[in-house]
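Working notes, beginning with the structure itself.
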Amino acid sequence: MVDRVVKRFGGITAVNKVSLSLEAGRIYGLIGPNGSGKTTLFNCITGIDQVDEGQIRFKGQRIDGLKPHQIFHLGIGRTFQVIRVFPELTALENLLVVTTGDFAAARARAEELLGFVKLERLAGEYAGNLSYGQQKLVEFTRVLMTDPELILLDEPAAGVNRTLLNELLEAVRKLRDSGKTVLLVEHDMKVVMGLCETVFVLDHGEKLAEGPPGVIQTDERVIEAYFGR
(Lines give C-alpha, C1' and ligand atoms only; values in the text may rest on other atoms or scores of the structure.)
Protein backbone atom coordinates (compact mmCIF):
# COMPACT_ATOMS: atom_id res chain seq x y z
CA MET A 1 0.00 0.00 0.00
CA VAL A 2 2.73 2.51 1.03
CA ASP A 3 5.68 2.24 -1.34
CA ARG A 4 8.96 4.03 -0.52
CA VAL A 5 7.20 7.20 0.58
CA VAL A 6 9.26 10.31 1.31
CA LYS A 7 7.95 13.48 2.96
CA ARG A 8 10.15 16.52 3.53
CA PHE A 9 9.51 19.77 5.36
CA GLY A 10 12.19 22.17 4.17
CA GLY A 11 15.52 20.55 4.98
CA ILE A 12 13.97 17.96 7.31
CA THR A 13 13.01 14.52 6.01
CA ALA A 14 10.11 13.46 8.23
CA VAL A 15 9.41 10.19 6.38
CA ASN A 16 12.20 8.52 4.43
CA LYS A 17 11.44 5.75 1.92
CA VAL A 18 8.91 3.98 4.15
CA SER A 19 6.98 1.00 2.78
CA LEU A 20 4.03 -0.70 4.49
CA SER A 21 1.89 -3.55 3.18
CA LEU A 22 -1.53 -4.03 4.79
CA GLU A 23 -3.89 -6.97 4.36
CA ALA A 24 -7.64 -6.75 4.88
CA GLY A 25 -9.03 -7.98 8.18
CA ARG A 26 -5.93 -7.38 10.28
CA ILE A 27 -4.84 -4.96 13.02
CA TYR A 28 -1.48 -3.24 12.57
CA GLY A 29 0.50 -1.08 14.94
CA LEU A 30 2.77 1.83 14.02
CA ILE A 31 5.13 2.73 16.83
CA GLY A 32 8.29 4.74 17.38
CA PRO A 33 9.77 7.50 19.53
CA ASN A 34 8.29 11.00 19.43
CA GLY A 35 9.18 12.71 16.16
CA SER A 36 9.75 9.45 14.29
CA GLY A 37 7.25 10.31 11.53
CA LYS A 38 4.16 8.34 12.56
CA THR A 39 1.55 11.10 12.33
CA THR A 40 3.20 12.52 9.22
CA LEU A 41 2.81 9.12 7.56
CA PHE A 42 -0.88 9.11 8.57
CA ASN A 43 -1.19 12.57 7.03
CA CYS A 44 0.37 11.33 3.80
CA ILE A 45 -2.00 8.37 3.61
CA THR A 46 -5.04 10.59 4.16
CA GLY A 47 -3.96 13.39 1.82
CA ILE A 48 -3.33 16.08 4.43
CA ASP A 49 0.35 16.09 3.44
CA GLN A 50 1.39 15.45 -0.15
CA VAL A 51 4.25 12.98 -0.61
CA ASP A 52 7.51 14.12 -2.20
CA GLU A 53 8.47 10.68 -3.47
CA GLY A 54 6.95 7.21 -3.62
CA GLN A 55 3.39 6.00 -4.04
CA ILE A 56 0.39 5.16 -1.88
CA ARG A 57 -2.21 2.75 -3.25
CA PHE A 58 -5.58 1.66 -1.90
CA LYS A 59 -7.65 -1.09 -3.49
CA GLY A 60 -5.36 -0.98 -6.50
CA GLN A 61 -5.77 2.75 -7.03
CA ARG A 62 -3.04 5.31 -6.56
CA ILE A 63 -4.24 7.85 -4.00
CA ASP A 64 -1.21 10.06 -3.35
CA GLY A 65 -2.09 13.40 -4.91
CA LEU A 66 -5.79 13.13 -4.06
CA LYS A 67 -7.52 15.53 -1.68
CA PRO A 68 -8.45 14.35 1.84
CA HIS A 69 -12.19 14.28 1.06
CA GLN A 70 -11.56 12.16 -2.04
CA ILE A 71 -9.53 9.65 -0.02
CA PHE A 72 -12.22 9.64 2.68
CA HIS A 73 -14.90 8.74 0.14
CA LEU A 74 -12.75 5.89 -1.19
CA GLY A 75 -13.03 4.19 2.20
CA ILE A 76 -10.26 5.46 4.49
CA GLY A 77 -11.21 7.01 7.84
CA ARG A 78 -9.05 8.35 10.66
CA THR A 79 -9.00 9.86 14.10
CA PHE A 80 -6.55 12.48 15.35
CA GLN A 81 -4.24 12.89 18.34
CA VAL A 82 -6.24 15.94 19.43
CA ILE A 83 -9.97 15.21 19.80
CA ARG A 84 -12.11 16.88 17.16
CA VAL A 85 -15.68 16.76 18.39
CA PHE A 86 -18.28 19.54 18.22
CA PRO A 87 -18.85 20.37 21.90
CA GLU A 88 -22.16 22.18 21.35
CA LEU A 89 -23.68 19.25 19.44
CA THR A 90 -24.95 16.09 21.08
CA ALA A 91 -23.10 12.80 20.76
CA LEU A 92 -25.66 11.68 18.20
CA GLU A 93 -25.39 14.92 16.21
CA ASN A 94 -21.61 14.61 16.13
CA LEU A 95 -22.05 11.41 14.15
CA LEU A 96 -24.72 12.81 11.86
CA VAL A 97 -22.59 15.74 10.65
CA VAL A 98 -20.58 13.49 8.31
CA THR A 99 -23.59 12.03 6.53
CA THR A 100 -25.59 12.99 3.47
CA GLY A 101 -28.72 11.56 1.90
CA ASP A 102 -31.26 9.51 3.87
CA PHE A 103 -31.46 11.14 7.31
CA ALA A 104 -33.52 8.34 8.85
CA ALA A 105 -30.98 5.73 7.73
CA ALA A 106 -28.11 7.89 9.00
CA ARG A 107 -29.78 8.34 12.39
CA ALA A 108 -30.33 4.59 12.68
CA ARG A 109 -26.67 4.01 11.79
CA ALA A 110 -25.53 6.58 14.38
CA GLU A 111 -27.66 5.03 17.11
CA GLU A 112 -26.34 1.59 16.20
CA LEU A 113 -22.74 2.79 16.44
CA LEU A 114 -23.26 4.50 19.80
CA GLY A 115 -24.64 1.18 21.01
CA PHE A 116 -21.58 -0.53 19.51
CA VAL A 117 -19.38 1.33 22.03
CA LYS A 118 -22.05 1.34 24.76
CA LEU A 119 -22.74 5.07 24.66
CA GLU A 120 -26.38 4.86 23.58
CA ARG A 121 -27.59 6.32 26.89
CA LEU A 122 -25.53 9.47 26.17
CA ALA A 123 -26.82 10.02 22.63
CA GLY A 124 -28.61 13.23 23.63
CA GLU A 125 -25.80 14.60 25.82
CA TYR A 126 -23.74 17.52 24.56
CA ALA A 127 -20.29 16.28 23.51
CA GLY A 128 -18.68 19.04 25.56
CA ASN A 129 -20.14 17.50 28.71
CA LEU A 130 -18.71 14.05 28.03
CA SER A 131 -15.52 12.77 29.58
CA TYR A 132 -12.32 12.75 27.54
CA GLY A 133 -12.61 9.02 26.98
CA GLN A 134 -16.25 9.29 25.95
CA GLN A 135 -15.37 12.02 23.47
CA LYS A 136 -12.72 9.72 21.98
CA LEU A 137 -15.35 7.03 21.55
CA VAL A 138 -17.65 9.53 19.83
CA GLU A 139 -14.87 10.50 17.43
CA PHE A 140 -14.08 6.83 16.82
CA THR A 141 -17.69 5.99 15.98
CA ARG A 142 -17.99 9.07 13.75
CA VAL A 143 -15.21 7.61 11.60
CA LEU A 144 -17.32 4.46 11.22
CA MET A 145 -20.42 6.28 9.97
CA THR A 146 -19.38 5.87 6.33
CA ASP A 147 -18.28 2.24 6.84
CA PRO A 148 -14.59 2.69 5.85
CA GLU A 149 -12.50 -0.31 4.88
CA LEU A 150 -9.27 1.10 6.35
CA ILE A 151 -9.35 2.83 9.74
CA LEU A 152 -6.38 4.85 11.02
CA LEU A 153 -6.37 5.48 14.77
CA ASP A 154 -3.92 8.08 16.13
CA GLU A 155 -3.18 7.32 19.81
CA PRO A 156 -6.64 5.97 20.69
CA ALA A 157 -5.59 4.94 24.21
CA ALA A 158 -4.05 8.25 25.28
CA GLY A 159 -5.83 9.70 28.31
CA VAL A 160 -8.61 7.09 28.29
CA ASN A 161 -9.49 5.27 31.50
CA ARG A 162 -9.21 1.50 31.52
CA THR A 163 -12.96 0.81 31.38
CA LEU A 164 -13.54 2.97 28.31
CA LEU A 165 -10.31 1.73 26.76
CA ASN A 166 -11.53 -1.84 27.03
CA GLU A 167 -14.72 -0.82 25.22
CA LEU A 168 -12.65 0.72 22.44
CA LEU A 169 -10.33 -2.27 22.09
CA GLU A 170 -13.30 -4.64 21.98
CA ALA A 171 -14.82 -2.52 19.22
CA VAL A 172 -11.56 -2.56 17.22
CA ARG A 173 -11.41 -6.35 17.42
CA LYS A 174 -15.01 -6.60 16.22
CA LEU A 175 -14.12 -4.38 13.26
CA ARG A 176 -11.22 -6.68 12.42
CA ASP A 177 -13.50 -9.70 12.66
CA SER A 178 -15.90 -8.05 10.21
CA GLY A 179 -13.12 -7.70 7.64
CA LYS A 180 -11.96 -4.13 8.33
CA THR A 181 -8.29 -3.19 8.39
CA VAL A 182 -6.97 -1.10 11.29
CA LEU A 183 -3.66 0.75 11.53
CA LEU A 184 -3.02 2.46 14.84
CA VAL A 185 -0.37 4.73 16.25
CA GLU A 186 0.00 4.10 19.95
CA HIS A 187 2.51 4.68 22.75
CA ASP A 188 0.86 2.27 25.20
CA MET A 189 2.87 -0.89 24.54
CA LYS A 190 0.39 -3.06 26.44
CA VAL A 191 -2.27 -2.01 23.95
CA VAL A 192 0.01 -2.56 20.96
CA MET A 193 1.27 -5.95 22.08
CA GLY A 194 -2.18 -7.18 23.07
CA LEU A 195 -4.10 -5.91 20.06
CA CYS A 196 -1.88 -5.80 16.97
CA GLU A 197 -0.95 -8.74 14.77
CA THR A 198 1.90 -6.95 13.00
CA VAL A 199 3.88 -3.97 14.26
CA PHE A 200 5.85 -1.46 12.18
CA VAL A 201 8.55 0.58 13.95
CA LEU A 202 9.67 4.01 12.74
CA ASP A 203 12.76 5.86 13.91
CA HIS A 204 13.96 9.17 12.49
CA GLY A 205 11.50 8.80 9.63
CA GLU A 206 12.70 5.37 8.53
CA LYS A 207 11.18 1.93 9.03
CA LEU A 208 13.39 0.28 11.60
CA ALA A 209 11.61 -3.05 12.05
CA GLU A 210 8.47 -5.00 11.17
CA GLY A 211 7.02 -8.17 12.62
CA PRO A 212 4.79 -9.83 15.21
CA PRO A 213 4.59 -8.07 18.61
CA GLY A 214 6.60 -10.78 20.39
CA VAL A 215 9.49 -10.33 18.00
CA ILE A 216 9.36 -6.53 17.98
CA GLN A 217 9.49 -6.15 21.77
CA THR A 218 12.76 -8.12 21.95
CA ASP A 219 14.41 -6.50 18.91
CA GLU A 220 17.61 -4.81 20.06
CA ARG A 221 17.26 -2.04 17.45
CA VAL A 222 13.81 -1.18 18.78
CA ILE A 223 14.98 -1.22 22.39
CA GLU A 224 17.84 1.11 21.49
CA ALA A 225 15.53 3.47 19.61
CA TYR A 226 13.22 3.78 22.62
CA PHE A 227 15.67 3.62 25.48
CA GLY A 228 18.99 4.61 23.95
CA ARG A 229 20.73 1.42 24.95
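The values are calculated or read from the model by the stated rules, or taken from the named source; none is laboratory data. Every value quoted in this text rests on a predicted model; they were computed, and no experiment measured them. Virtual Cβ from ideal backbone geometry, glycine too; neighbours counted across all protein chains shown. Quick note on the areas: whole protein, heavy atoms, side chains included, nothing else; ligands and nucleic acids left out. Shrake-Rupley method; radii C 1.70, N 1.55, O 1.52, S 1.80 Å.
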With DNA, RNA and ligands ignored, accessible area of Tyr132 (1.4 Å probe; Å², nearest 10): 100 Å²
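Using per-residue counts of other Cβ atoms within 10 Å, averaged over each peptide, order 214-220, 30-36 from highest down.
Details: 214-220: 13.4, 30-36: 19.6.
Highest-to-lowest ranking by the protection proxy: 30-36, 214-220.
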Lysine pair count for the chain [Cα-Cα under 16 Å; pairs on different chains or 8 or more apart]: 9
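Once the Cβ-Cβ distance between Thr146 and Arg221 is put in as r, and R0 is 45 Å, what FRET efficiency do you end up with, to the nearest 0.05? Could you put the intermediate results ahead of the total?
On the way: r = 38 Å, r/R0 = 0.85.
Rounded to the nearest 0.05, the efficiency is 0.75.
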Nearest-10 value in Å² for the accessible area of Phe86, using the 1.4 Å probe: 100 Å²
The chain: most fluctuating residue of Val199, Val15, Val97 per GNM, C-alpha cutoff 10 Å: Val97
Counted charge near Lys67, where neighbours are those whose Cβ lies closer than 15 Å (Asp, Glu -1; Lys, Arg +1): 0
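So what's the net charge close to Leu184: Lys and Arg +1, Asp and Glu -1, counting the other residues with Cβ under 9 Å from its Cβ?
Working: positive: none; negative: Asp154, Glu155, Glu186.
My count for the surroundings of Leu184 gives -3.
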Helix-only mean residue ellipticity at 222 nm for the chain, each DSSP H run of n ≥ 4 adding -39500 (n - 2.57), per residue, nearest 500: -10500 deg cm²/dmol
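Sort Ile71, Ile48 from largest to smallest accessible area, using a 1.4 Å probe on the heavy atoms of the protein chains. Before the final figure, lay out each step's value.
Details: Ile71 0, Ile48 80 Å².
I get Ile48, Ile71, largest accessible area first.
For Pro87, what charge total do you get from the other residues with a beta carbon under 13 Å from its beta carbon, if Lys and Arg give +1 and Asp and Glu give -1? Let's see the in-between values first.
On the way: positive: Arg84; negative: Glu88, Glu93, Glu125, Glu139.
Charge balance in the 13 Å sphere: -3.
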Å² per residue, accessible surface of the chain at 1.4 Å: 48 Å²
Selected from Arg142, Arg162, Arg107 as most flexible by GNM, with the chain as the system and alpha-carbon contacts under 10 Å: Arg162
The chain: most fluctuating residue of Lys17, Lys38, Lys207 per GNM, C-alpha cutoff 10 Å: Lys17
Ranking by accessible area, most exposed first, for Glu167, Glu23, Glu186 with a 1.4 Å probe: Glu23, Glu167, Glu186
Accessible area of His187 in the full protein assembly, 1.4 Å probe (Å², nearest 10): 70 Å²
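Heavy atoms only, probe 1.4 Å: what % of the accessible area of the chain goes to carbon and sulfur, would you let me know?
Working: 5370 of 10930 Å².
Ligands and nucleic acids excluded, carbon and sulfur give 49 percent.
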